[in-house]
Amino acid sequence: MRVGVEMVVVGVDTGGTFTDFVVLDGKRIVVHKELSTPEDPVRAILQGLAALGLQDRVEWLVHGSTVATNAVLERRGARTGLLTTAGFRDVLEIGRQNRPRLYNLRQVKPAPLVPREWRREARERLDECGRILLPLEEEDVLRAIGEFRAAGVESVAICFLFAFANPTHERRAAELLREAGFWVSASHEVLPEYREYERTSTTVLNAYVGPLMGRYLERLGSALPPGVVLHVMQSNGGVLSGRTAAREAVRTLLSGPAAGVVGARAVARSAGYDRVISFDMGGTSTDVCLIDGVPRERSEGTIGEFPVRMPMLDIHTVGAGGGSIAWLDGGGVLHVGPRSAGADPGPAAYGKGGEEPTVTDAAVVLGWLVPDAFLGGAMELDVDAAWRVIGRIAGILRKGEEEAALGIMEVAEANMAGAIRVVSVARGEDPREYGLVAFGGAGPMVACRLASKLHIPAVIIPPTPGVLSALGLLTTDLIRDYLRTVMVPAESAQPSLQSALADLTAQAVRDLSSDGILPRDATFHPALDLRYHGQSYDLTVPFTGDTQTAVHRFHKLHERLYGYAEPTEPVTVVNVRLRVIVPARRIRWEPAPTPHLWEPTPIDQRSIILELHDNIVREQVPRFQRDQLGPGAILVGPALVTQYDTTIVIPPGWRGMVDGNENIVLHSREVEAERHTSGKGR
Amino acid sequence: MTASETIDPISLAVFTAALSAIAEEMGAALQRSSYSPNIKERLDFSCAVFDPEGQMIAQAAHIPAHLGSMPDSVRTALDQCAPFAPGDVVILNDPYLGGNHLPDITLVSPVFLTDDPTSELLGFVANRAHHADVGGISPGSMPIATELFQEGIIIPPIKLWEGDKLNQAALRLILRNVRTPDERRGDLLAQYAANRTGIRRLREVVARYGTTTYRKLSHAVLDYGERLAREAVRLIPPGTYRFTDFLDDDGTSDEPVPIAVTVTADGETLVVDFSGTASERPGTINTVETVTKSAVYYVLRCLMPEDTPMNHGVFRVVRIIAPPGTVVNARPQRAVAGGNVETSQRIVDVLFGALAQALPDLIPAASQGTMNNITIGGIDPRTGQPFAYYETLGGGMGARPGLDGLSGIHVHMSNTRNTPVEALEYAYPLRVTRYALREGSGGHGRFRGGDGLIRELEFLTDAEVTLLTERRRFAPWGLQGGESGMTGRNLFIRQSTDGKEETITLRSKHRLTVHRGDRIRIETPGGGGWGTAG
């Protein structure tokens, strides 16, 4: 890979089991894994840096953290209070009135992060234009302060109706609360957007995780050498400065899988692909995301069933991974997942006492996983245990072990194909026009088979599929999103849009300079959310300062996405958005010239189970070791490629090579022939 | 059962996934290209796939009310519009011919192997969507009516497309009868696009398997659904279980409306008999049989594992007896708009009431048992344009054995989202003055019923208000010694002539004219409690 600036940059991705490091030192890339230390994640980071000999040399650290996420999932956040407009303190608990599950008599809803007794009200009211109908009763705020203090509340969220249209009341309340020593998160600062429930939920989440995240980043910062630039991954695929991440921790809540997607995009580019689907199959779940030049985004997600309204990558997750358990339901049909054997005891093949059949065990029975090559041989797989548990379910299925194992793969792959269809077909995109970037421990094992099912013509496997998230961290830009609801008719919107945009820009410039960044190093991307009057869904189009042009773009986009437009209907401007990007200069990825082709020598032959023209056959196939494959190495299926953190299964009919950037790029003859005959090729 | 013996559990799993993907993708296509927020955001639609005999083999249902009624649509389309050719699309909303109430419009398409009319019929795809207006005496087409003709345009099963050619005359006739024709046209075209997606995808699946295997697999899928349903039925101890509950009234008089059910289980099948239920009424609370079936299937579905596929095999384990001429099987041309939303809830209540005797450790106490339908119309003084606002409100869920009921939530046959206060005040000349949990409204007990809601609105202009609500007289009952939840209340608050505030309690179904500055407060019912409070 082509690499940029001469400085020591580290991407550190803290996961549940491992903390992954990718170091960019001059032109060299170094990969390292350290066992995570969940009780104090800083320790694993320092240990890793020490192991890499970097504790004094690191200049820039980009961090993917699960501190805020785990605080919500494990409900370990700050004791949080909520102050609302009088009459509306229950909005947080009522939500949108819908129940999470239609047919489940035993369903429960998670208790709100702020219980009723810490939700207080203040008399005040604005109308939809921000005009004051009832001035703020400061005595209500002061009484709430007394009650919060008595209850031991540390952090307070404020959400008044229509505060985005006029923040005067929220500002005053925030001022009083901050003077009283509380950590405060006000809705007009976090999310100045209409819809009171989503805004309250997002603001409360920010208040709930903010103090914790602030303390964590402070500790991390003080443990690193002075002057290190610390950036933190956020859900929208960009990074934030450490300082901002502490204040707006809610932006990091869904960042977990985002770095992997950003990494997949970089890898795809380096292999010459712009349009790919990232496919990250881990132990318990699989994340997929469509990347059409840039990753697809959406404006809302959930964490622990609480909505978070923030721009984020449109990642779809299914509960099927290497550790997923196969089982039969009462109607006699085979299912795989969502229950997982996890890391402990893990699949039976781990030899730690797992007694239920998993995808990993099936892969062992099929010969796809090589027992002494797992994690570079660090963990010998227990083949007998795998055969035993697969044998048990095979007995119930009245099939042989190998056939049952292949069946488990089939069902798991059907789940994953479903996930890919959700992010492509269901959004109006044809997967046949995309490549598949496969990573995570189990992704490269099933990628080709999955691609065949979906008629995806190409599979790209990065050089380090087990640490792609950490690598992705090194390719992220600094991205800040700003928004404000205006809700005005487009024909008379121009003045209010200009003034809203001026406010957002001023705010952005202030934030940049507090991070020590000059405005000229950033690019500014204003946009508008538009809708037809009376509708309740909107589309985002770029805003170049002229509303008419934006409206024109809106009609065209509507036509493209939904198949029709109504050019004579009145259009409403819902939100003004501003995205500020400070491009990363850490790493640059470009396709490398096609290398000279050569045929590698296998390290051995393995006997594995394959499907050939719908028949199940056992065949001897060559196995290659990934670190012996350099650019230009030709690979022809059927074959196996083993490496430290994954195994690649190349089925019959697939072939490819290692490209100049060390990516393995594989193509299916069959799918390509189909494309040719159906004229689907690009 | 014979066909499925030769189908293995793996092929069946993969095939079931492929079928439900078809229904889901039809839904995604419909949602993407539909026009109205009701379909796009509230997801008030369903999509399904059928075999050539009209048996449903897969369904993506977001709305329980559609569970049983989609198959009836296909059956009437078969009865009334056969023979079919590729590209035919049948439209219908007639509740007495396969629909459930007029706003729900269904499109049914036959699926042939190819576009050649002599090619093999593979089955049908259908989708149903709730349209925001289908004409009739009030905007939104959910009036307090006394006959079907007042509720909107009635569309019997007709071919709106023949061989992919749109019948422009029929479409013009339909659109001339609704208040928002452009929106309706957009939504109908989206429904058409959804069926096109279904046809294309079903052909792909058949191409993958070949027609013979496909046939075998679709039979096996039905048997699979039946086996899962039978497992659920086996849990019910054999016996006969009776229960009666009441609707407050039908909106034309104060007379309560009894709904009675006798559930007989023999370990293999269920017989659900509604004999003893009130005769059909002049008011809007009548249901057609298909809605009654949906309520029964909803209850059965709640007893089955959560990720069960929904298909015709499931229906085989239940026999439903709904005597014609009763409110659970009204005859033409009774008004039915309210039956679909309110009576369906009470049918669920009596079914659970009966089953609670058989399955005391599983069945919850009664939930709020209403959707609290509110329609407000008038002229928006800000624009001079007419407005129509329709909302439903959540309430208390009944307590479960071992669990409290959830508060402020939609129960059983409904699950639509609210209109945010801030969205509402932008869109309509209304101000929400309170939106809160109705503390203490859930029934006491060892486990508490969920609390209802309070939603108070101030009118910023004169308006017409229609309330279609229930459980204002007959409270949601508790179980095993748990107390009832509180009944709901509809309150009207205005300044009287002497300047004092005056509060008037409204009936459960009420139409009134309000003036600027008046307020209305809806307090929704709490859920019943479970077990004696310790």
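Being within 14 Å of chain B (Cβ to nearest Cβ) and either modelled with pLDDT of 95 or more or closer than 29 Å to B:Asn418 by Cα (or both) is the requirement here; does A:Arg75 meet it? It is false that A:Arg75 is within 14 Å of chain B (Cβ to nearest Cβ) and either modelled with pLDDT of 95 or more or closer than 29 Å to B:Asn418 by Cα (or both). Screening the candidates A:Val153, A:Val141 for the property of being more than 12 Å from chain B (Cβ to nearest Cβ), assigned to a loop (DSSP other than H, G, I, E, B) and over 24 Å from A:Ala500 (Cα atoms) yields one hit, A:Val153. Residue check: A:Pro593 meets all listed conditions (1) touching a residue at least 60 places away in the same chain (Cβ under 8 Å); (2) surrounded by fewer than 16 Cβ atoms within 10 Å (Cβ to Cβ); (3) part of a strand (DSSP E or B) but one, namely (3).
When A:Val204 is tested against (1) closer than 30 Å to A:Glu128 by Cβ; (2) in a loop (DSSP other than H, G, I, E, B), only condition (2) is not met. The sole residue among B:Val288, B:Val341, B:Val328 that is buried (at least 24 other Cβ atoms within 10 Å of the Cβ), in contact with an Asp or Glu (Cβ under 8 Å, 6 or more places away or on another chain) and among the β-branched types (Val, Ile, Thr) is B:Val328.
Quick one: which strands (runs of 3 or more DSSP E) lie wholly within the range A:275-338 and hold at least 1 residues that are acidic (Asp, Glu) and either in contact (Cβ under 8 Å) with a residue 12 or more places away in the chain or over 14 Å from A:Gly256 (Cα atoms) (or both)? If you could, list the steps in order and put the result at the bottom.
Details: elements: A:275-281, A:286-292, A:297-303, A:306-313, A:315-318, A:324-328.
Where strands (runs of 3 or more DSSP E) fall fully within the range A:275-338 and carry at least 1 residues being acidic (Asp, Glu) and either in contact (Cβ under 8 Å) with a residue 12 or more places away in the chain or over 14 Å from A:Gly256 (Cα atoms) (or both), they are A:275-281, A:286-292, A:297-303.
Among residues of the range A:86-116 being surrounded by fewer than 16 Cβ atoms within 10 Å (Cβ to Cβ) and among the hydrophobic types (A, V, I, L, M, F, W, C), the one that is farthest from B:Cys302 (Cα to Cα) is A:Ala111. Counting only helices (runs of 4 or more DSSP H) that sit completely within the range B:1-94, those holding 3 or more residues that are away from chain A (no Cβ under 14 Å), of a type in the set (Gly, Ala, Ser) and more than 13 Å from B:Gly198 (Cβ to Cβ) correspond to B:69-81.
Of all residues in the range B:255-274, which are over 22 Å from B:Pro237 (Cβ atoms) and either in contact with a strand residue (DSSP E or B) (Cβ under 8 Å, 6 or more places away or on another chain) or surrounded by 24 or more Cβ atoms within 10 Å (Cβ to Cβ) (or both)?
Initial filter on the range B:255-274 (over 22 Å from B:Pro237 (Cβ atoms)): B:255-259.
Across the range B:255-274, the qualifying residues are B:Pro256, B:Val257, B:Pro258, B:Ile259.
Annotation note: of A:Ala320, A:Ala326, the sole residue that is closer than 24 Å to A:Ala447 by Cβ, within 14 Å of chain B (Cβ to nearest Cβ) and modelled with pLDDT of 95 or more is A:Ala326. Can you confirm whether the range A:97-118 contains a residue that is within 14 Å of chain B (Cβ to nearest Cβ) and closer than 28 Å to A:Asp503 by Cα? Taking every residue of the range A:97-118 in turn, none turns out to be within 14 Å of chain B (Cβ to nearest Cβ) and closer than 28 Å to A:Asp503 by Cα. Tell me yes or no: at least one residue of the range B:32-46 is among the aliphatic types (A, V, I, L, M), at pLDDT below 90, assigned by TED's automatic domain parsing to the domain that holds B:Leu78 and touching a helix residue (DSSP H, G or I) at 6+ places or on another chain (Cβ under 9 Å). Checking the range B:32-46: at least one residue is among the aliphatic types (A, V, I, L, M), at pLDDT below 90, assigned by TED's automatic domain parsing to the domain that holds B:Leu78 and touching a helix residue (DSSP H, G or I) at 6+ places or on another chain (Cβ under 9 Å).
Restricted to helices (runs of 4 or more DSSP H) entirely inside the range A:13-108, those with at least 1 residues that are in contact with an Asp or Glu (Cβ under 9 Å, 6 or more places away or on another chain) and outside the structural domain of A:Leu205 (by TED's automatic domain parsing) are A:41-51, A:91-94.
Take the conditions (1) among the hydroxyl-bearing types (Ser, Thr, Tyr); (2) under 18 Å from A:Gly283 (Cα atoms); (3) touching a residue at least 60 places away in the same chain (Cβ under 8 Å); A:Thr358 misses just one of them, which is (3). Screening A:Glu121 on (1) closer than 24 Å to A:Ser65 by Cβ; (2) assigned to a strand (DSSP E or B) shows it passes everything except condition (1). Scanning the range B:351-389 for residues that are touching a helix residue (DSSP H, G or I) at 6+ places or on another chain (Cβ under 9 Å) and not in a loop (DSSP other than H, G, I, E, B), which turns out farthest from B:Pro401 (Cα to Cα)? Filtering the range B:351-389 for residues that are touching a helix residue (DSSP H, G or I) at 6+ places or on another chain (Cβ under 9 Å) and not in a loop (DSSP other than H, G, I, E, B), the one farthest from B:Pro401 (Cα to Cα) comes out as B:Asp380. Among residues belonging to the range B:415-446 that are away from chain A (no Cβ under 12 Å) and surrounded by 23 or more Cβ atoms within 10 Å (Cβ to Cβ), point out the one that is farthest from B:Ser141 (Cα to Cα). Checked the range B:415-446; the qualifying residue farthest from B:Ser141 (Cα to Cα) is B:Gly445.
State yes or no: is B:Ser253 within 30 Å of B:Ser508 (Cα to Cα), of a type in the set (Gly, Ala, Ser) and more than 23 Å from the chain's Cα centre (by Cα)? Before you say what the answer is, go through the steps one by one.
Working: within 30 Å of B:Ser508 (Cα to Cα): yes; of a type in the set (Gly, Ala, Ser): yes; more than 23 Å from the chain's Cα centre (by Cα): yes.
Spelling it out, B:Ser253 is indeed within 30 Å of B:Ser508 (Cα to Cα), of a type in the set (Gly, Ala, Ser) and more than 23 Å from the chain's Cα centre (by Cα).
Being within 14 Å of chain A (Cβ to nearest Cβ) and closer than 19 Å to B:Arg334 by Cβ is the filter here, so list the residues in the range B:271-312 that pass it. Residues satisfying the conditions are B:Ser294, B:Ala295. Collect the residues in the range A:339-375 that are on the phi > 0 side of the Ramachandran plot and part of a helix (DSSP H, G or I), keeping them in residue-number order. Scanning the range A:339-375 gives a single hit, A:Leu375.
Annotation: B:Gly395 fulfils all but one of (1) touching a strand residue (DSSP E or B) at 6+ places or on another chain (Cβ under 8 Å); (2) more than 10 Å from every other protein chain (Cβ to nearest Cβ); the unmet one is (2).
The values are calculated or read from the model by the stated rules, or taken from the named source; none is laboratory data. This structure is a prediction, so every number in the text was calculated from the model and none was measured. Here Cβ is always computed from backbone atoms with ideal geometry, including for glycine, and neighbour counts include all displayed protein chains.
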